[in-house]
Amino acid sequence: MNSENLFEKLGAVLEPDILVPISDLGMLSQLSRRLSKYSVELFAYPAPAGYFDSLILKLEAAAAQEGVKLEINLKEMSEDQLAELESHLENLTLEAVPGGTDRVNRLMAAGTKTRILGFSSGKGGVGKSSVTVGIATALARRGHRVGILDADVYGFSIPKMLGIQRPPAVIGKVMVPPVAYGIKTMSVGYFVSDDTPVIWRGPMLHKALEQFLVDVYWGDIEYLCVDLPPGTGDVTLSLAEYLPKIETFVVTTPQDAAERVAQRSALAARKLKLPLRGVIENMSYFRGDDAKRYDIFGRGGGEKLAKSLNVPLLGSIPIDIPLREGGDVGEPVVMAQPESEVSVEFMRIAQVIEAMGPARIYKAELKVR
Ligand SMILES: Nc1ncnc2c1ncn2[C@@H]1O[C@H](COP(=O)(O)OP(=O)(O)OP(=O)(O)O)[C@@H](O)[C@H]1O
Ligand SMILES: [Mg+2]
């Protein structure tokens, strides 16, 4: 192995949250070699302790694959290096508005290729967050670049469900969403502790969501899955303003009561002229050890709702114990048990969503302020 090849190999390692080769980010020094020993400097941007541990492990592993023992010295970036990284990341995040000097987040640019999938429900507890994570992980397993925006600002649960404990890094003006299972994630949960109630008024909520969209490096994700708050309120309205291309999916349980409430949320989405793409029924049945299907919450609610809204029922997610356990410990079932009935159903729904393509009709300008 010559040192040039090794250098190239190390440089190609992706930064764990930015998901860009570290050589493109100016994070790697030249290799130095003394006898058979190589060493390299890893230039770090300001981040909490331990932030680069996983990157160092990846670099060591890449070197070990070539039979090289590599010494990695973590060093703070100089001011110049940091300024360069900041402007590079800003350029990756923002895009010029045609005919003007303004720049907007790529995700919000008129021509963005990113599909925005919003998961809503009429009431809480129907499994909206579980379905958001299920579809997002399924899309990721199908080879897509995916992000999750936890817009359920009062009842955020995405960090826990994906097992993310570190806060986002902030590089200059840009926030870098923590990545888990290859998925970029942003949540209010990163900024408040679990036991602090979030008491925010409309304008603050609006501002927080705006930051999650405007100042976040989402990269070139193909899908942004949005966990919407239950019901319809300020947040959905704000999001509709920022993300005019949001497509909505209603999550419901088979129970009639849940279905009627769900219908309200769907009709509200219609009022906002957000394209409603389908219904996903959750907790549809339980498959016992006897292989029989038990309709614990009744049957047919999803189908009925889909019919009344004139959209397809995209799938039925069974009650699944590993799904719940995985959500509690941060190991999404689609990743941990890809062959299980529930994972196969998530994969199938993801494929259907993929195949239906983006909604064709977008609403005209909606102005809230
Ligand atoms: N299909 C399922 N099988 C088993 N448990 C499930 C299923 N779907 C959701 N759950 C569990 O039900 C609880 C509520 O689910 P989840 O948090 O996804 O719902 P939600 O609609 O997002 O609720 P909230 O309104 O609190 O945000 C969680 O403990 C979750 O693990
Ligand atoms: Mg939730």
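The values are calculated or read from the model by the stated rules, or taken from the named source; none is laboratory data. Worth saying up front: this structure is predicted, and the values here are computed from it rather than measured. Neighbour counts are summed over all protein chains in view; Cβ atoms, including those assigned to glycine, are modelled from backbone coordinates with ideal geometry. For accessibility, only protein heavy atoms count, side chains too; no ligands or nucleic acids. Shrake-Rupley method; radii C 1.70, N 1.55, O 1.52, S 1.80 Å.
Beta bridges per DSSP, both residues in the chain: antiparallel share near 30 percent. Solvent exposure of E4, expressed as accessible area, is near 140 Å², computed with a probe of 1.4 Å over the protein chains only. In summary, the lysines within cross-link reach of K292, defined as a Cα separation below 24 angstrom excluding same-chain residues under 8 places away, comprise K304. Near I321, within a Cβ-to-Cβ distance under 14 Å, what is the net charge of the other residues, with Lys and Arg +1 and Asp and Glu -1? Net charge in that neighbourhood comes out at -4.
Taking amide H positions as modeled 1.01 Å from N, with prolines and chain starts lacking one, the residues under 5 Å from E71 and 5 or more places away or on another chain are Y38, S39, V40. Between V329 and K271, the simple label model (points 7 Å from Cα in the Cβ direction) yields a spacing of 4.4 nm. Label zone of K113 (point 7 Å out along Cα→Cβ, amide N under 11 Å): in segment 18-36 this covers no residue at all.
How much of the accessible area of segment 246-328, in percent, comes from carbon and sulfur atoms when a 1.4 Å probe is used? Before the final figure, lay out each step's value.
Working: 2100 of 3990 Å².
Its accessible area is 53 percent carbon and sulfur atoms.
In a fully extended conformation the segment linking R287 and R142 would gain 49.6 nm over its present Cα-Cα distance, using 0.36 nm per residue. Straightening the chain between S32 and E341 buys 106.1 nm, computed as 0.36 nm per residue apart minus the Cα-Cα spacing.
Taking all protein chains together and a probe of 1.4 Å, list K69, K245 from the most accessible to the least accessible. Show your work: numbers first, answer last.
On the way: K69 155, K245 50 Å².
Ranked list, largest accessible area first: K69, K245.
Which entries of K69/K160; K9/K113; K58/K113; K58/K184 have Cα-Cα distances beyond 28 Å here? Kindly include the intermediate steps, with their values, before the conclusion.
Numbers: K69/K160 36 Å; K9/K113 30 Å; K58/K113 31 Å; K58/K184 19 Å.
Over 28 Å apart, Cα to Cα: K69/K160; K9/K113; K58/K113.
Multiply the residue separation of N310 and F191 by 0.36 nm, subtract the distance between their alpha-carbon atoms, and state the gained length in nm to one decimal.
Values: separation 119, 0.36 × 119 = 42.84 nm, distance 3.95 nm.
Once the chain is fully extended between N310 and F191, it gains 38.9 nm.
To put it simply, the accessible area of segment 3-84 at a 1.4 Å probe is 50 percent carbon and sulfur.
Between D295 and A47, the modelled labels are 5.1 nm apart [label points 7 Å from Cα along Cα→Cβ].
Here segment 233-312 and segment 1-75 have alpha carbon centers that stand 47 Å from each other. Per-residue accessible area (protein heavy atoms, 1.4 Å probe) orders D80, D289, D24, D215 as D289, D80, D24, D215, starting from the largest.
Which order do the peptides 124-133, 313-322 take when ranked by the mean count of other beta-carbon atoms within 10 Å per residue, highest first?
Working: 124-133: 23.7, 313-322: 19.0.
Ranked by mean Cβ neighbours within 10 Å, highest first: 124-133, 313-322.
Each residue of segment 274-281 is assigned a 3J(HN,Hα), and the resulting list reads 8, x, 9, 9, x, 10, 10, 8 Hz, derived from the Karplus form 6.51 cos²θ - 1.76 cosθ + 1.60 (θ = phi - 60°), x at Gly and Pro. Can you tell which of G357, G278, G147 shows the greatest fluctuation in a Gaussian network model of the chain with Cα springs below 10 Å? Answer for the Gaussian network model of the chain: G357. Using C-alpha pairs below 8 Å separated by at least 6 residues, the relative contact order for segment 107-356 is 26 percent. Here the calculated FRET efficiency for R260 and E8, from their Cβ-Cβ distance with R0 = 41 Å, stands at 0.10, rounded to the nearest 0.05. How about K207: which lysines have a C-alpha closer than 20 Å to its C-alpha, ignoring those fewer than 8 places off in the same chain? The qualifying lysines are K173, K245, K367.
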